[in-house]
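Shown next, in structure tokens, is the structure this report addresses.
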Amino acid sequence: MTSVRSLEEPVRVLHVDDDRTFTRLTRATLKELDDDIELRSENDPAAVLDRLASRKIECVVSDYQMPEIDGLDLLARVREKYDGLPFILFTGQGNETVASEAISVGVTDYVSKDGGIEQFELLANRIRGAVEQRRTERVLAETRVRDDTLLETAPNAIFVVDAEEGTLLEVNEAASELLGRPREELRGLHQTELHPPEDRDRYERIFAEHAESRGVIHDDRDLFVVHDDGHRIPVEISAGPVELDGRRLVQAIFRDLRERR
């Protein structure tokens, strides 16, 4: 059974690129940006399925243009055996057509290599968001949303929201602590009531982006929730849609940024 401990474990990533110099650069850079990301490299895309079978990998990051097997071919092969495994294209060779095709065959995200350190930061955020989403989806699937046993001790605030209505269906204990309000009071609220009331329209638009996305959005814009005593708390949000019992939900992980700021 999935445990809450898994929500805090290192993030194990397989980086696939035939350029050995670039895989070494990526591993070193991501380690500096987020030492919880354990990046393993594979320069032969034909060996990826064997690597996935022999190691616990939670996310694949792949180049697009590689000999014999390109990134989309690899994505299709991975999806056949590991349907829910996060898969991020990290490439300087792609274009809008490639991105569109990748989305149609189930890519989790698409990040360009162009742009220097900012793109490595974006990649680290997308990896973290996709893996956290996947881990929590497993918890939700096993606990059927309202079984609080595992969610209660998760380290970050978790909200499960009806994608169409925007109402909170479930929150964990960390969410209650973040907002200073009991869980039973939070359930049933509209998601905009978590945020500053004068910015209701803005948070409506942000929620719609999360609900309509094809994957996880790691949102580090200037976002705030409002504590019960009225003070604002800066947060970053990893959120995306999830299907459970035929119902479309949005699962959101709120990370408290007060210590960072």
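Summary of values
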| read-out | value |
| --- | --- |
| Some residue of the stretch 46-60 being of a type outside the set (Asp, Glu), surrounded by 15 or more Cβ atoms within 10 Å (Cβ to Cβ) and within 18 Å of SER112 (Cα to Cα) | yes |
| Pairs with Cβ under 8 Å, 6+ apart, first in the stretch 10-29 and assigned by TED's automatic domain parsing to the domain that holds SER54, second assigned to a helix (DSSP H, G or I) and of a type in the set (Phe, Trp, Tyr) | THR26/PHE120; THR29/PHE120 |
| Helices (runs of 4 or more DSSP H) lying entirely in the stretch 111-215 (those with 3 or more residues that are charged (D, E, K, R) and modelled with pLDDT of 85 or more) | 117-143, 183-186, 200-212 |
| Matching residues in the stretch 91-103 - criterion: being part of a loop (DSSP other than H, G, I, E, B) and surrounded by fewer than 16 Cβ atoms within 10 Å (Cβ to Cβ) | GLY92, GLN93, ASN95 |
| The stretch 9-32 - residue that is surrounded by 16 or more Cβ atoms within 10 Å (Cβ to Cβ) and assigned to a helix (DSSP H, G or I) and, of those, farthest from the chain's Cα centre (by Cα) | PHE22 |
| Candidates LEU89, LEU75, LEU85 - the one that is in the same structural domain as ARG134 (by TED's automatic domain parsing) and in contact with a Cys (Cβ under 8 Å, 6 or more places away or on another chain) | LEU85 |
| Qualifying residue in the stretch 224-234 (condition: surrounded by 12 or more Cβ atoms within 10 Å (Cβ to Cβ), within 30 Å of GLY106 (Cβ to Cβ) and either in contact with a Lys or Arg (Cβ under 7 Å, 6 or more places away or on another chain) or not acidic (Asp, Glu) (or both)) | no |
| Which numbered condition ASN95 fails, given (1) over 27 Å from ARG138 (Cβ atoms); (2) modelled with pLDDT under 90; (3) under 22 Å from the mean Cα position of the chain (by Cα) | (3) |
| Verdict on GLY106 being surrounded by fewer than 19 Cβ atoms within 10 Å (Cβ to Cβ), within 18 Å of ALA239 (Cα to Cα) and of a type in the set (Gly, Ala, Ser) | yes |
| Residue check, ARG181 basic (Lys, Arg), in contact (Cβ under 8 Å) with a residue 24 or more places away in the chain and closer than 18 Å to THR136 by Cβ | no |
| Enumeration of residues in the stretch 76-90 that are touching a Gly at 6+ places or on another chain (Cβ under 7 Å) and surrounded by fewer than 23 Cβ atoms within 10 Å (Cβ to Cβ) | ARG79 |
| Any chance ARG77 is charged (D, E, K, R) and part of a strand (DSSP E or B) | no |
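Results for (1) hydroxyl-bearing (Ser, Thr, Tyr); (2) in contact with a strand residue (DSSP E or B) (Cβ under 9 Å, 6 or more places away or on another chain); (3) more than 19 Å from ALA130 (Cα to Cα), shown as yes or no for each residue.
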residue	(1), (2), (3)
LEU39	no, yes, no
PRO45	no, yes, yes
ASP50	no, no, yes
CYS59	no, yes, no
PRO67	no, no, yes
ALA99	no, yes, no
ILE103	no, yes, no
GLY106	no, yes, no
ASP109	no, yes, no
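The values are calculated or read from the model by the stated rules, or taken from the named source; none is laboratory data. As the structure is a computational prediction, the values presented were derived from the model and not from experiment. Cβ atoms come from the backbone with ideal geometry, glycine included; neighbour counts cover every protein chain shown.
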